[in-house]
Each structure stands twice: as C-alpha cells, then as structure tokens.
Amino acid sequence: MLRLIKGEELDSLSRELGVTAVVLNEWREKFLAGAEANLMSRSTAPTSTPSSPAG
C-alpha cells in the first residue's frame with residue numbers, strides 16, 4: 001500500500017503483484033479507512049497527562 005500512497009501506478013503494481021487493479025484499489029481503500037479510523041480513535045484520547053513527580 002505504501003507504494004501506491006507514494007504515487008506508484010496502480011496498473012503496473014497490480015501486474016507486478018498478480019492481482020487486478022480493482023482488487024488492489026479495494027485494498028488501498030481499506031488501508032486508508034483503517035488508518036483514518038485509527039487516527040480518529042487517537043483524537044478522542046484524554047487531553048491531559050498525569051503530572052510528573054517533583055524532583
């Protein structure tokens with residue numbers, strides 16, 4: 001997926017990997033959706049952190 005994200009051609013990569021461009025595009029969409037969901041879950045994390053011990 002990183003190769004697609006970095007701009008490699010979908011068709012040439014699908015030929016190299018032996019999957020159709022449609023399948024590769026589906027994988028990319030799932031990858032991006034998972035990344036977005038992960039980022040969204042992190043955005044709901046507590047905004048405060050425990051204070052560090054004095055010393």
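The values are calculated or read from the model by the stated rules, or taken from the named source; none is laboratory data. Fair warning: this is a prediction, and the values are worked out from it, not measured in the lab. The accessibility values were calculated without ligands, DNA or RNA, using every heavy atom of the protein model including side chains. Shrake-Rupley method; radii C 1.70, N 1.55, O 1.52, S 1.80 Å.
To the nearest 10 square angstrom, what accessible area does E9 show with a 1.4 Å probe?
130 Å²
In the full protein assembly as shown, how much of M40 is accessible to a 1.4 Å probe, in Å² to the nearest 10?
120 Å²
On the full set of protein chains, 1.4 Å probe, figure out the accessible area of L2 and give it in Å² to the nearest 10.
110 Å²
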